[in-house]
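Visitor: Mind looking over this structure? Questions follow.
The values are calculated or read from the model by the stated rules, or taken from the named source; none is laboratory data. Only a predicted model underlies this, so the values are computations on that prediction, with no experimental measurement involved. Quick reminder, even Gly has a Cβ in these numbers, built from the backbone with ideal geometry, and neighbours come from all protein chains shown. Side chains included, ligands, DNA and RNA excluded: accessible areas come from the protein's heavy atoms. Shrake-Rupley method; radii C 1.70, N 1.55, O 1.52, S 1.80 Å.
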Amino acid sequence: MTIIYLALAIMLGLVQFMLRNKSLSHIISTLSIILQWAFTVYAFSASGQTEYDFFCFDGLALVMLVALSIISTAAFCHSNHYLAADEDTSRVRAQYYGAMQFLTMALTMAVVSVHIAMTWIFVEITTLSASALIFYRRNSGSIEATWKYVFACSISLVFVYVGILFFSIAMGENAETGLTIDELMAHASQLDPFWLKLAFTFILVGYTAKMSLVPMFTAGIDAKDKAPTPAAAMLSSVVMNAGFVGFYRVYGVVAHTEVKKWADMVVLMTGILSIFVAAVYLVRVKNVKRLFAYSSVEHMGVVMLGIAAGGVGIYAGILHLVLHSFVKSAIFMHIGQLYRVYGSKYVDCMGKYLNISGMGGTMLIFAMLCITAMPPSGMFVTEFMVFRSMIDAGQWIVMGVAMILLTVIVWAIGRDMFSILFMHASSENSKAPKIVSAPWYETMFQWVLIILSIWLGLSTPEYVSTLVENAAALVG
């Protein structure tokens with residue numbers, strides 16, 4: 001079934017690239033959504049099984065696959081209204097939908113892959129398909145953002161490739177058995193520590209471009225700023241998830257070796273440095289899309305702190321990542337509505353939003369509470385669990401620094417969001433706001449994503465908790 005999904009997804013993507021009829025594009029998009037959900041249902045029916053030695057439907061794959069299917073459905077539906085309002089040409093529309101289809105396909109295969117080289121291949125495909133989405137507007141800003149993204153991600157994925165080579169060296173004579181996670185786990189005790197450290201370092205650094213972590217976090221900032229909001233929603237959520245899966249499966253192998261403590265220290269430093277960088281930029285940035293792009297750096301830093309702390313922190317980190325995906329994609333989709341109202345992405349050009357749109361203002365308030373991990377946000381629970389795991393691990397100093405930095409971040413985001421909601425626009429370049437009404441399905445998907453993030457955090461269903469526990473169990 002996995003090969004059938006792959007073949008059909010590629011076929012639908014190629015058809016989208018060739019279509020010039022808007023109605024047919026919408027029909028193919030609908031078929032793409034149906035195919036995505038059909039594969040997700042199949043994955044659950046084949047839970048725990050491995051296909052072709054390369055793909056496995058374990059807890060990690062299933063929880064990420066569900067998040068991907070929900071968010072990609074919302075992104076496709078938002079794209080219909082986004083492209084209609086943009087008066088795009090038929091050729092540009094065809095390229096956009098084709099790229100969205102290939103991005104969704106590549107992300108799906110990346111999260112179910114259990115061969116580190118195969119995961120690398122599909123993550124590389126996400127770079128190519130995402131670059132076509134970033135290039136959508138064909139202006140100087142989008143061109144610059146596209147080549148920056150391609151360059152940074154290509155360099156970072158070269159690091160991953162070198163890390164994979166080092167893994168094969170660390171395997172020694174056992175390298176002939178393959179580089180699947182099962183084989184690496186089976187020979188974990190025999191891996192050469194020196195080459196294993198090199199492999200882990202290169203793979204972690206490489207995947208930070210996708211995960212929006214220090215040091216390669218800059219790859220995604222301009223991309224999320226210049227990409228259409230539905231595409232930016234994907235880049236700030238499920239693309240980051242795919243990068244995390246690539247890193248986490250490798251970390252799971254390292255966690256079964258003698259270099260685990262060393263690896264935990266590297267992950268811990270990556271997490272706290274990412275939160276520090278996010279805090280520095282969030283205090284100064286005034287572009288609302290870049291504001292939430294840097295917020296992604298912060299939340300991935302929190303996830304890494306949970307992974308490094310171990311215990312319940314790993315469970316909390318994975319659940320935090322999923323909840324962040326729902327909230328962040330909803331926010332980026334809503335930014336499209338803000339732009340239609342104010343004609344600008346800058347905070348100083350926005351104001352009195354709650355008066356202009358009661359529903360939109362309410363949505364923004366809940367989004368702000370959720371993304372800053374304030375009650376009733378589900379991420380409040382997961383962040384609390386991460387800090388509890390850090391206490392159990394004795395990481396008091398790092399936890400104190402993280403809490404101070406997170407306080408600064410909450411203040412920075414709250415300052416700008418309250419300015420948009422309640423204050424008058426302060427910029428002389430601000431335009432008169434327009435009263436626009438978003439289609440019902442656009443608002444519905446945003447609320448569904450926000451409600452999911454609250455519900456899954458505050459009252460996690462047992463079947464979801466079991467999936468996340470199974471994902472956390474990969475570390476042991």
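Visitor: Which angle from 0 to 90°, rounded to the nearest 10, does the C-alpha axis of helix 59-85 make with the longest principal axis of the chain?
Guide: The answer is roughly 20 degrees.
Visitor: Return the distance in nm (one decimal) between the two label points of a simple spin-label model at residue 441 and residue 265, each offset 7 Å from Cα along Cα→Cβ.
Guide: 5.4
Visitor: Quick check: the angle from helix 238-254's long axis to the longest principal axis of the chain, C-alpha only, nearest 10 degrees?
Guide: Once rounded, the angle reads 20 degrees.
Visitor: Let me ask something else. Measuring from label point to label point, each 7 Å out along Cα→Cβ, what is the residue 89 to residue 194 span in nm?
Guide: In this crude label model, residue 89 to residue 194 measures out at 5.8 nm.
Visitor: Sticking to Cα atoms, compute the Rg of the range 6-133 to one decimal and its Dmax as the biggest Cα-Cα distance, whole number, in Å.
Guide: 14.8, 46
Visitor: Using the alpha-carbon atoms, what tilt in degrees (0 to 90, nearest 10) does helix 312-342 show relative to the longest principal axis of the chain?
Guide: Roughly 20 degrees between the two axes.
Visitor: Tell me, what % of the accessible area of the range 272-476 is carbon and sulfur with a 1.4 angstrom probe?
Guide: Roughly 67 percent, rounded to a whole number.
Visitor: Can I ask one more? Run the numbers for residue 165 and residue 352: contour at 0.36 nm per residue of separation, minus the present Cα-Cα distance, in nm.
Guide: 61.8 nm
Visitor: Moving to a separate point now. Based on the Kirkwood radius over alpha-carbon pairs, what value in µm²/s does the Stokes-Einstein equation return for the translational diffusion coefficient of the range 275-373 at 25 °C and 0.890 mPa s?
Guide: 169
Visitor: Could you state the number of Å between the C-alpha centres of the range 230-247 and the range 355-401?
Guide: Result: 20 Å between the Cα centres.
Visitor: Lys/Arg Cβ at +1, Asp/Glu Cβ at -1, dipole of the range 1-119 taken about the Cα centre: which of 81, 11, 52 is farthest positive-ward?
Guide: About the Cα centre, the residue reaching furthest to the positive side is 81.
Visitor: Treating cross-link reach as a plain straight distance, find the aspartates and glutamates whose alpha-carbon is under 17 Å from the alpha-carbon of residue 261, omitting any fewer than eight places away in the same chain.
Guide: Answer for residue 261, where 17 Å is the Cα cut-off: 192, 392, listed by chain and number.
Visitor: OK, next. Roughly how many debye, to the nearest 20, is the charge dipole of the chain about its Cα centre, given +1 on each Lys and Arg Cβ, -1 on each Asp and Glu Cβ, and no other charges? Don't jump to the answer; show the numbers that get you there.
Guide: Numbers: 26 positive and 26 negative charges, 361 e Å.
Using Cβ point charges on Lys, Arg, Asp and Glu, the chain gives about 1740 debye.
Visitor: Using only the alpha-carbon atoms, what does the range 389-464 span along each of its principal axes? Please give whole angstrom values in decreasing order.
Guide: Largest to smallest, the principal-axis extents are 54, 38, 15 Å.
Visitor: If I take R0 = 22 Å and measure r between the Cβ atoms of residue 30 and residue 431 in this structure, what FRET efficiency does the formula 1/(1 + (r/R0)^6) give, to the nearest 0.05?
Guide: 0.05
Visitor: Additional query: Let me check against my output: what whole-number percent is the relative contact order of the chain, with C-alpha pairs under 8 Å and at least 6 apart?
Guide: 15
Visitor: Right, next: Express in whole angstrom the spacing between the alpha-carbon centres of the range 1-75 and the range 426-476.
Guide: Answer, in whole Å: 21.
Visitor: Let me have the 222 nm mean residue ellipticity of the chain computed from DSSP H runs of 4+ only, each contributing -39500 (n - 2.57), with the sum over all residues rounded to the nearest 500. Numbers along the way, then the final one.
Guide: Values: 20 runs with 368 residues, N = 476.
It lands at -26500 deg cm²/dmol.
Visitor: May I ask for the distance between the Cα centers of the range 293-317 and the range 149-220, given as a whole number of Å?
Guide: 20
Visitor: Next question, about the same structure. Over the range 272-476, what per residue volume does the convex hull of the Cα atoms give, in whole Å³?
Guide: 103
Visitor: What FRET efficiency, computed as 1/(1 + (r/R0)^6) with R0 = 41 Å and r the Cβ-Cβ distance, is obtained for residue 51 and residue 258, rounded to the nearest 0.05? Let's see the in-between values first.
Guide: Values: r = 32 Å, r/R0 = 0.79.
Here the calculated transfer efficiency is 0.80.
Visitor: Within the set 260/286; 210/352; 226/431; 226/352, which residue pairs have Cα atoms separated by over 32 Å?
Guide: On the way: 260/286 40 Å; 210/352 35 Å; 226/431 21 Å; 226/352 25 Å.
Pairs exceeding 32 Å: 260/286; 210/352.
Visitor: What does the extension gain come out to for residue 384 and residue 423, with contour length at 0.36 nm per residue minus their alpha carbon separation?
Guide: Extending this stretch completely gives an extra 10.8 nm.
Visitor: How many percent of the alpha carbon pairs in the range 86-180 exceed a separation of 22 Å?
Guide: The calculated P(r) of the range 86-180 puts 42 percent of pairs beyond 22 Å.
Visitor: Suppose all protein chains stay in the model; what accessible area per residue would a 1.4 Å probe give for the chain, in Å²?
Guide: 37
Visitor: Another question about this same structure. Using the Kirkwood formula on the Cα atoms of the chain, what hydrodynamic radius do you get, in angstrom to one decimal?
Guide: 22.3
Visitor: What does the extension gain come out to for residue 10 and residue 469, with contour length at 0.36 nm per residue minus their alpha carbon separation?
Guide: 162.0 nm
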